[in-house]
Structures are given as structure tokens and as C-alpha cells.
Amino acid sequence: MPESEKHVYFLMIIIISGFACAGVLDQGLISAVKGFLFLQSHPARLLNDYTLAGGTGAALLNSAAVGAIGLFLVSFNKVRLSGPTIAAVFTIMGFGLFGKTPVNILPIIAGVYISAKIVSKSFKEYIIIALFGTALGPVVTLVIYEIGLTGMPAVVSGVAAGIAAGIILPSIAIRMLQLHQGYNLYNIGLTSGFIALFAASFFAASGFALEPGRVWNSEPSMVLTLLVPLLSLFLIIWGLAAGGKKALSVFIKLQSFSGRLPSDYMVMGSQSGALLNMGFLGAAGCLYVFLTGADFNGPVIGGLMTLIGFGAFGKHLKNSIPVIAGVFIACLVFGKNPSAPGPVLAALFCTTLAPIAGEFGWAAGITAGFLHLIMVERTGAWHSGMDLYNNGFAGGLTATLIISVIEWYKSNIEKIRR
């Protein structure tokens with residue numbers, strides 16, 4: 001392993017450990033552990049804020065646990081810790097605050113592992129799909145704890161459902177990528193939403209009424225409020241300390257990339273430049289949350305962690321701001337409160353469409369963000385909250401629409417000009 005990669009591992013271990021320590025300090029060890037165990041059986045479908053359901057400490061312990069699992073899988077399978085894998089671990093940690101638990105992610109990962117073996121591939125080739133595919137964790141929790149099964153039949157059925165979802169994830173993910181051509185960074189969100197549509201339809205046909213979760217922490221602790229701002233500052237300092245002026249020049253260079261999948265900023269730029277980009281994205285996201293008066297709770301921090309993680313894999317300030325602006329404008333047009341749960345999460349997660357702004361400019365980015373808010377407020381009900389990356393699902397649909405129109409126009413204009 002290169003020395004530079006060891007430094008990134010050390011950084012990730014510090015961050016994961018920091019989350020765990022912050023949780024214990026906030027809630028106390030015994031209470032945090034009890035809350036963590038409680039969360040393993042708590043409903044995971046959107047929207048369930050673990051910082052309220054189990055407590056701040058329990059949620060941070062859970063986030064650290066799922067993040068540690070992700071980092072271990074990357075290391076054990078000898079996959080390079082770079083843009084895609086860093087984005088995956090940060091995203092998993094973020095959703096460990098509102099939907100993912102060790103109990104519900106492991107069957108999904110096992111299913112992807114089996115899928116790789118079925119087609120005689122190494123698991124490391126599917127590791128990114130496995131990590132992001134944990135978006136379907138709520139399916140496991142739903143079957144084990146929410147539909148009336150008990151004992152071993154509940155466990156076996158839930159694990160089997162998760163494994164089945166994991167097995168079909170890779171094949172569908174490849175097809176979904178072709179739809180939006182890499183302009184939706186959360187491709188597995190689109191994939192998971194597609195699978196969750198069928199799962200929700202199955203449960204509905206079976207007579208189960210799946211009401212959406214409505215757990216939202218409107219009074220987050222000071223630990224939660226300061227967590228991401230301090231993390232962002234930490235990443236900026238680390239990037240500057242590691243790269244100095246070169247990190248700044250790479251950070252500026254990154255702003256010129258479209259961000260279209262796959263865009264590994266640690267390869268296209270440098271580790272220090274990518275870390276600086278991650279830190280500035282986190283700071284910008286925190287500023288938006290502060291200015292709108294939204295709550296720094298589990299889901300919002302999850303959005304900020306995902307924003308930061310993809311600062312190494314497709315997002316930067318220049319391609320993200322137009323899309324966020326589009327969501328904000330949509331809020332003004334339709335009279336929505338930007339600090340309400342749906343709009344604030346849409347503003348943070350809509351940056352899945354950042355490559356559209358990066359490739360086609362601000363106007364396209366603003367349009368994408370505007371359409372995204374309209375779409376994302378509908379799609380969650382379609383899959384009954386079983387796809388945690390609902391914004392990735394809506395983003396994939398929005399990107400497919402926009403890219404189809406742009407490519408149709410460009411191809412026909414070229415023919416007319418000839």
C-alpha cells in the first residue's frame with residue numbers, strides 16, 4: 001500500500017473514531033450502547049432520524065459502526081481508498097444517522113458478494129455497488145421487524161430479502177447508468193429505487209400498509225450542530241498541511257471538471273486537493289443550513305456527509321451551487337419553506353446532478369435543481385421509503401430527462417447545420 005494511501009486510511013480512522021467518541025461524550029457510554037442496540041430493530045424507512053429515536057450518542061455510534069464496516073471491506077478486499085471508496089464510506093456514515101445499521105446492511109453486501117461469484121468476478125469489482133447498495137437496508141429491517149413475523153422465520157426472511165436484493169443490484173446498476181450516462185452521481189440510488197418500487201408493490205399487494213416514517217429531530221444537540229462544521233475545518237486544515245499551495249492549485253483545477261461519472265478527484269488532481277475540496281463543500285453546505293435555519297439533525301448531517309464524500313468523486317463548488325440554487329428557486333416559486341425536511345434534504349442531495357451544471361453550465365444546473373425538487377417530493381411514496389437514496393432515484397429520473405432532451409437537440413442541430 002502506498003504511503004499516501006496509508007495517510008488517507010489514518011484520516012478515515014480518525015473521523016470514524018471521532019464520531020464514536022463524540023457519541024459517547026454526548027450521551028454516556030452505557031446509554032449510547034443501549035440506544036445503539038435499540039436502533040438495530042428500529043424502522044429504517046424514510047424518514048427516521050436516529051438522533052431522536054435512539055439519542056445523539058447512539059446515532060453517532062451507529063454511524064461509526066457502519067462506517068467501520070465499509071472501511072474494513074475496502075481494506076480487506078485490497079481496493080484502493082480513493083474517490084469512489086471515500087465517497088461510499090462517507091455516505092454510509094451519513095445514512096448511519098437515519099436508516100442504515102450493521103444489521104440491515106450486511107445482508108445486502110452478502111447478496112452483492114454472491115452476485116459476483118455467480119458471474120465469476122472478484123468481489124472487489126463490485127465493492128462500490130455493495131457499499132452504496134446498502135441504500136436498500138430498510139427492506140431487511142422491514143421484513144424482520146415490521147410485517148408481523150417473529151423469531152427465526154423473521155430473521156431468515158429478512159436476511160433472504162436483503163441477499164436477494166443484493167444479488168440483482170449489479171445487473172440493474174449497469175443498465176441504470178446507461179440511462180443518465182453518468183450525470184447522476186447517485187447511480188445506485190436510481191438502481192435501488194427501481195428495485196424498491198417492486199418491493200413496495202409486492203408488500204402492497206400482500207396487504208401491508210406501509211406508512212412513511214416521520215421521526216425528525218427539531219432540537220439537535222450542540223454536538224450535532226458543531227459536528228460537520230468542525231469536520232469541514234479539519235479536512236481543510238489536513239489538505240493544506242499535506243499539500244500547501246499545491247493543494248490550493250489543485251482545488252482550483254478541480255472546479256473545471258464536469259464531475260461526470262467516474263471522476264476520481266484523488267487521481268485527476270491530488271489527495272490534498274480533493275480533501276480541500278471536500279472541506280469547502282462541507283463548509284458551503286453548513287452555511288446553507290445555517291442561513292435557511294434548518295436543523296442539524298441526523299438526515300441533514302447525512303446529506304452534508306454525502307456532499308463531503310462526493311467532494312472526492314464528482315462534486316465541487318462550481319458544479320454544485322447552481323443545482324442547489326435551482327432547488328432554492330423552486331422553493332420560492334412554489335411557496336415551500338427551504339428549512340422544511342423535504343426541501344433542505346433536496347438542496348443537499350440534489351448535488352447528485354452536479355455534473356449537469358459542470359458539463360452544460362449554470363442554466364442547466366439551475367434547471368436540474370428546480371426539476372429535482374418537484375420530482376423528489378413524489379418519488380419517496382412510490383417505494384414507501386425503502387430506498388434511502390430517494391434523491392438519487394429522483395436525480396436519476398431528472399438527469400435522464402434533461403440529458404435526453406439535450407442530446408436530441410444537439411444531434412438534430414448538427415444535422416440541420418450540415
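Determine whether I147 is modelled with pLDDT under 95, of a type in the set (V, I, T) and either within 24 Å of F98 (Cβ to Cβ) or in contact with a Phe, Trp or Tyr (Cβ under 7 Å, 6 or more places away or on another chain) (or both). Talk me through it step by step, then tell me what you get.
Values: modelled with pLDDT under 95: yes; of a type in the set (V, I, T): yes; either within 24 Å of F98 (Cβ to Cβ) or in contact with a Phe, Trp or Tyr (Cβ under 7 Å, 6 or more places away or on another chain) (or both): yes.
In short, yes.
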- prompt: Restricting attention to region 30-87, which residues are free of Cβ contacts under 8 Å to residues at least 24 places away in the same chain and farther than 19 Å from F98 by Cα?
  reply: I30, F72, F76
field: Residues within region 127-155 that are assigned to a helix (DSSP H, G or I), surrounded by fewer than 24 Cβ atoms within 10 Å (Cβ to Cβ) and of a type in the set (S, T, Y), tallied
entry: 1
- prompt: Out of all the residues in region 346-382, which are surrounded by 17 or more Cβ atoms within 10 Å (Cβ to Cβ) and touching a Pro at 6+ places or on another chain (Cβ under 6 Å)?
  reply: A357, G365, I366
query: Can you find even one residue in region 44-65 that is within 22 Å of the chain's Cα centre (by Cα) and acidic (D, E)?
result: yes
query: Residue check: is A196 farther than 30 Å from T56 by Cα and surrounded by 15 or more Cβ atoms within 10 Å (Cβ to Cβ)?
result: no
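So how many residues does region 343-376 have that are at negative phi and more than 15 Å from the chain's Cα centre (by Cα)?
Taking region 343-376 first, the residues at negative phi are 343-360, 362-376.
Narrowing the set further to residues that are more than 15 Å from the chain's Cα centre (by Cα) leaves 343, 355-360, 362-375.
Residues in region 343-376 being at negative phi and more than 15 Å from the chain's Cα centre (by Cα): 21 in total.
How many residues, within region 92-102, are crowded, with 24+ Cβ neighbours inside 10 Å and in a helix (DSSP H, G or I)?
Of the residues in that region, 4 qualify.
Please state which one of S31, S17, S41 is at pLDDT 95 or above, surrounded by fewer than 19 Cβ atoms within 10 Å (Cβ to Cβ) and either β-branched (V, I, T) or touching a Gly at 6+ places or on another chain (Cβ under 7 Å) (or both). Break it down into steps so the answer makes sense when it comes.
On the way: S17 fails: either β-branched (V, I, T) or touching a Gly at 6+ places or on another chain (Cβ under 7 Å) (or both); S41 fails: either β-branched (V, I, T) or touching a Gly at 6+ places or on another chain (Cβ under 7 Å) (or both).
So the residue among S31, S17, S41 that is at pLDDT 95 or above, surrounded by fewer than 19 Cβ atoms within 10 Å (Cβ to Cβ) and either β-branched (V, I, T) or touching a Gly at 6+ places or on another chain (Cβ under 7 Å) (or both) is S31.
The values are calculated or read from the model by the stated rules, or taken from the named source; none is laboratory data. Remember, predicted model here, so these are calculated numbers, not experimental data. Every residue, glycine among them, receives a Cβ derived from its backbone with ideal geometry; neighbour counts consider all protein chains shown.
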